[in-house]
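**Q** Mind looking over this structure? Questions follow.
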Amino acid sequence: MPEENDAVDLPRTQDVPDAVPSGSPEDAAGPAPGGTEAALDEALLGGPRTLTVDRLAERAGVDVARVRDYWQALGLPVTEGEVPAFTEKDAQALSAVHALAEEEALDDRALTTLIRSTGHTTERLVLWQVEALVEHVTRRFDLDDTSARLLVLDRLPDLAPVLEQQLVHAWHRQLAAVAGRFAVEFSQARSTAVDEHELPLPRAVGFADIVAFTQRTRGLGSSELAEFVQLFETSARDVITAAGGRVVKTIGDAVLFVADDVVTGARVALGLAEAGGRAEDVDVPPVRVSLVWGRVLSRFGDVFGPSVNLAARLVDIAEPAAVLVDRDTAGLLADDTRFALTAQPEREVQGLGTIEPVRLQRAYRG
């Protein structure tokens, strides 16, 4: 494995290490702001900002209200008046998405959701990537935070093409993965009666929650806290995907995951509990885990339904390094000799009434 400082080498058109000696952060600022902004516009926006909002609407073949709606859905501010804030590439993107809406007869709700999904996801992605680069150059060149951000700003025109390539590649692979799952799961749907009152997707859903998160992070600085959370998220994601599940989202000190069948869900849950219980695995702190099989609704990159609510309640009452399932999920796993199931005392849970938790473990044989 390479050393930490050699793990990510930023492409450079200038001799950055000589230009940014340790202890001289003022030299990291790069070119004058005007030059940097022009280079960024050329690299990221495809050219200079020559269009006002009215001119953008005209070039895209839509009215100004559509421009405002599009930009708001992306999560970006609209510059009004005669300020040239937009590019020809903006006009092409706006025209293309509205042509798609016409071709597919998308209503405003569907169109807004598609645009908002892109804006929300890419906003988080860009922040995540830029902060990772800032953290790297801070360590590599021993810079303060401001100088590190200025250096990354200077490097973005060179980094953007590779990051863009990776984004498009990942999007294609993720879309293919979703399409593949749909093809397998719903291949017989046309010949099967569907209850329109049921939630559409049968899924195993579960939570993994860090034990004593507040106590473990008390006294940590911002960078240490960020590193702690990042290590947990990354390691939990690795455990989940290796076992065949998928991460839905992370919520501070917890992660929500799904699996397409109950056995895979059980493997994911046990893998998380066991990884957090290994003293040598410092990346995964001790966790409590839940798992529930049921039907869910998938929207906005999230899942909803009674089984999600029950999984959230079960994880709250689980012991450290333990996996709790509900009675129905336990029944689905009861005949699988790879698992051991132990009934736990009934619990009164606000909003759900009495629940019957069952502890899930691996069945070890001597």
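**Q** Between a residue in the range 301-320 that is under 15 Å from P202 (Cα atoms) and any residue that is surrounded by fewer than 20 Cβ atoms within 10 Å (Cβ to Cβ), which pairs come within a Cβ distance under 6 Å, given they are 6 or more apart or on different chains?
**A** F304/L297; G305/L199; G305/L297
**Q** Does R155 count as closer than 22 Å to T36 by Cα and either touching a residue at least 24 places away in the same chain (Cβ under 8 Å) or crowded, with 17+ Cβ neighbours inside 10 Å (or both)?
**A** Numbers: closer than 22 Å to T36 by Cα: yes; either touching a residue at least 24 places away in the same chain (Cβ under 8 Å) or crowded, with 17+ Cβ neighbours inside 10 Å (or both): yes.
Yes: the conditions hold for R155.
**Q** Working only within the range 49-71, note down all residues that are more than 16 Å from K89 (Cβ to Cβ) and hydrophobic (A, V, I, L, M, F, W, C).
**A** V64, A65
**Q** How many residues are on the phi > 0 side of the Ramachandran plot and either among the basic types (K, R) or assigned to a strand (DSSP E or B) (or both) when one looks only at the range 337-366?
**A** 1
**Q** Would you confirm, using the coordinates I've provided, whether P345 is exposed (fewer than 15 other Cβ atoms within 10 Å of the Cβ), of a type outside the set (S, T, N, Q) and within 12 Å of V205 (Cβ to Cβ)?
**A** It is false that P345 is exposed (fewer than 15 other Cβ atoms within 10 Å of the Cβ), of a type outside the set (S, T, N, Q) and within 12 Å of V205 (Cβ to Cβ).
**Q** Which members of the range 57-81 meet the condition of being of a type outside the set (S, T, Y), more than 19 Å from G47 (Cα to Cα) and assigned to a helix (DSSP H, G or I)?
**A** Passing the criteria: V64, A65, R66, V67, R68, D69, Q72, A73, L74.
**Q** Taking only the range 31-76 into account, find how many residues are free of Cβ contacts under 8 Å to residues at least 24 places away in the same chain, under 26 Å from L151 (Cα atoms) and not hydrophobic (A, V, I, L, M, F, W, C).
**A** The number of residues fulfilling the criteria is 4.
**Q** Oh, and also: Tell me, yes or no, whether the range 273-289 has at least one residue that is more than 12 Å from A208 (Cβ to Cβ) and at pLDDT 95 or above.
**A** Among the residues of the range 273-289, not one is more than 12 Å from A208 (Cβ to Cβ) and at pLDDT 95 or above, which makes the answer no.
Okay, residues lined up against (1) under 29 Å from V229 (Cα atoms); (2) out of contact with any helix residue (DSSP H, G or I) (no Cβ under 8 Å at 6 or more places or on another chain); (3) among the aliphatic types (A, V, I, L, M):
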position: H98; (1), (2), (3): no, no, no
position: R109; (1), (2), (3): no, yes, no
position: T118; (1), (2), (3): yes, no, no
position: E135; (1), (2), (3): yes, no, no
position: F141; (1), (2), (3): yes, no, no
position: L156; (1), (2), (3): yes, no, yes
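**Q** Suppose we filter the range 82-97 for residues that are over 16 Å from L40 (Cα atoms), within 27 Å of the chain's Cα centre (by Cα) and surrounded by 13 or more Cβ atoms within 10 Å (Cβ to Cβ); how many remain?
**A** Adding up the residues that qualify gives 3.
**Q** Here is a follow-up. Does L220 meet the test of being surrounded by 13 or more Cβ atoms within 10 Å (Cβ to Cβ) and assigned to a loop (DSSP other than H, G, I, E, B)? Walk me through how you get there before you give the answer.
**A** Values: surrounded by 13 or more Cβ atoms within 10 Å (Cβ to Cβ): yes; assigned to a loop (DSSP other than H, G, I, E, B): yes.
Against the criterion (surrounded by 13 or more Cβ atoms within 10 Å (Cβ to Cβ) and assigned to a loop (DSSP other than H, G, I, E, B)), L220 qualifies.
**Q** Right, here's the next one. Take T337 and decide whether it is touching a strand residue (DSSP E or B) at 6+ places or on another chain (Cβ under 7 Å), surrounded by fewer than 17 Cβ atoms within 10 Å (Cβ to Cβ) and more than 29 Å from F182 (Cα to Cα).
**A** For T337, the condition - touching a strand residue (DSSP E or B) at 6+ places or on another chain (Cβ under 7 Å), surrounded by fewer than 17 Cβ atoms within 10 Å (Cβ to Cβ) and more than 29 Å from F182 (Cα to Cα) - is not met.
The values are calculated or read from the model by the stated rules, or taken from the named source; none is laboratory data. Computed from a prediction, not measured in an experiment: that's the story for all the values here. Glycine gets a Cβ as well: all are built from the backbone with ideal geometry, and neighbour counts include every protein chain shown.
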